[in-house]
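Before any comments, here is the structure.
The values are calculated or read from the model by the stated rules, or taken from the named source; none is laboratory data. Owing to the predicted nature of the structure, the values given are computational and were not obtained by experimental measurement. We place every Cβ from the backbone using ideal geometry, glycine too, and count neighbours over all the protein chains shown. Note: areas computed on protein heavy atoms with side chains; ligands, DNA, RNA excluded. Shrake-Rupley method; radii C 1.70, N 1.55, O 1.52, S 1.80 Å.
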Amino acid sequence: MISTQEHRSEKPRYLAILEENVRAALKVQHVILLESRKILDDLGFVEVLAPVIGPASDPGIRGAKRVTFDFYGKEYKIMSSMILYKQALVRTFNNVYAFAPNIRLEPLSKANSGSHLCEFYQIDLEMRDKTINEVMKVTEIFLDRLLYKVKLHCGDILEKYNKEFEVPKIPFPRISYYKVFLIANKLGLSMNYGDEIPSEIELELSKRSTRPFWIVDYPSGSRGFYYKENPEDTSRLLSMDLIYPHGFGEASSGGERETDVNKILELIREGGENEEEYSWYLDMLKSDGKKSSGLGIGVERLTRYIMDFKNIDNCTAFPKKPGSYTC
Ligand code: ASN
């Protein structure tokens, strides 16, 4: 299913961005951004500008490292995701979104995965007073409308690069973390119950699927401290991933937010994090923690899925890949 029309340029980036396949991907990305704005506005979301630096940033980034720097004598971080800030912003508006930049130092082992960049953008959504199920529903509606629009406006590009592209039917099927664990065991793939699902396993399931699907019911303690435990079964988190079909892997992560400050503090400490960095966030939750749910959809990965490209570096103008110093 990977496009035969794609090629990987060895030219310097300022020349590679003139090439047909990068240009086509950037055109599709333009339509993704433009139509996302229209659809999210229609769905009642307010766009906000994402913060780029802060005293704390998302530690739940699956083995990647955060970038720190000296901010007038204090250690600050460049955003690995705006998760903490979007939880604050739902206090101002009920539904918020941003095209948010994320900086993550991915391990070198991910350099040629085709889906990892150290600098990428997410369409970050957050909805106040909404459950994980409601966010999944809104996401499906959003993606359905968006992919339809891309198909409509980028027909010539799809004709060349992804002739068979169909807007997948919604709702997307759901599969539990436990089921993924059982499948991984059956396939002889190594996975520790209770840890994040390794990308290789997500990828394997993705290859076997012809439709996007959700993974739900992650075990408590397996991911970011900001995900709420399911009150009906505290061994599970109200968190989900969306996985693309045909081997394109992870599309999105998200869930319902924990508002219990003591629980969060415990997990921050357990994770070896410095709780002082999170003081504004903890103060906010103490003052009035708002129930909310949300997720982030990687823009370059969405572009790659639509373009049917093997390489994510063709889905951004200036790719920052682990260990490469091109631009
Ligand atoms: N975007 C995710 C969320 O909303 C967080 C992340 O990117 N790690 O939960």
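Quick look at the numbers
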item: Measure of compaction for the chain (Cα Rg per 2.2 N^0.38 Å); result: 0.97
item: In degrees, nearest ten, helix 279-288 long axis to first principal axis of the chain (Cα); result: 70 degrees
item: Cα gyration tensor, the range 245-327 - rounded (a/c under 1.5), prolate or oblate; result: prolate
item: For the range 277-327, with +1 on Lys and Arg beta carbons and -1 on Asp and Glu, the positive-most of Thr326, Gly289, Thr303 along the dipole; result: Thr303
item: The chain - mean residue ellipticity at 222 nm from DSSP helices (-39,500 (n - 2.57) per run, n ≥ 4, rounded to 500); result: -10500 deg cm²/dmol
item: For Lys163, net neighbour charge (Lys/Arg +1, Asp/Glu -1) across residues whose Cβ lies under 12 Å away; result: -3
item: Euclidean distance between Cα centres, the range 25-57 to the range 170-237, Å; result: 27 Å
item: Neighbour-limited loop hits for GluC sites (Glu not before Pro), the range 187-246 (at most 16 other Cβ within 10 Å; DSSP other than H, G, I, E, B); result: Glu232
item: Burial ranking of peptide ranges 40-47, 249-256 (average Cβ count within 10 Å, highest at the top); result: 249-256, 40-47
item: Accessible area of the chain belonging to carbon and sulfur atoms, whole % at 1.4 Å probe; result: 51 percent
item: Ranked by how many other beta carbons lie within 10 Å on average, peptides 258-269, 110-121, 81-92 from highest; result: 81-92, 110-121, 258-269
item: At R0 = 22 Å, FRET efficiency that the Cβ-Cβ distance of Asp129 and Ser287 yields, to 0.05; result: 0.80
item: Net charge contributed by nearby residues that have their C-beta within less than 9 Å of Asn95 (K/R +1, D/E -1); result: +1
item: Segment Val167-Thr326, length gained on full extension (0.36 nm per residue, minus Cα span); result: 53.8 nm
item: 0 to 90° range, to nearest 10: angle between helix 177-186 axis and the chain longest Cα axis; result: 60 degrees
item: Prolate/oblate/rounded label for the range 81-224 (Cα gyration tensor, a/c 1.5); result: rounded
item: Mean accessible surface per residue for the range 217-327, computed with a 1.4 Å probe while every protein chain stays in place, in Å²; result: 37 Å²
item: The range 122-153 versus the range 242-260: alpha-carbon centroid distance in Å; result: 12 Å
item: 0 to 90° range, to nearest 10: angle between helix 132-153 axis and the chain longest Cα axis; result: 20 degrees
item: Gyration tensor (alpha-carbon) shape descriptor, the range 34-112, a/c threshold 1.5; result: oblate
item: Highest average packing first - 169-179, 22-32, 270-280, Cβ atoms within 10 Å; result: 22-32, 169-179, 270-280
item: Net charge dipole size for the chain [Lys, Arg +1 and Asp, Glu -1 on Cβ; Debye, nearest 20]; result: 700 debye
item: At 1.002 mPa s and 20 °C, Stokes diffusion of the range 191-232 via Kirkwood alpha-carbon radius, µm² per second; result: 179 µm²/s
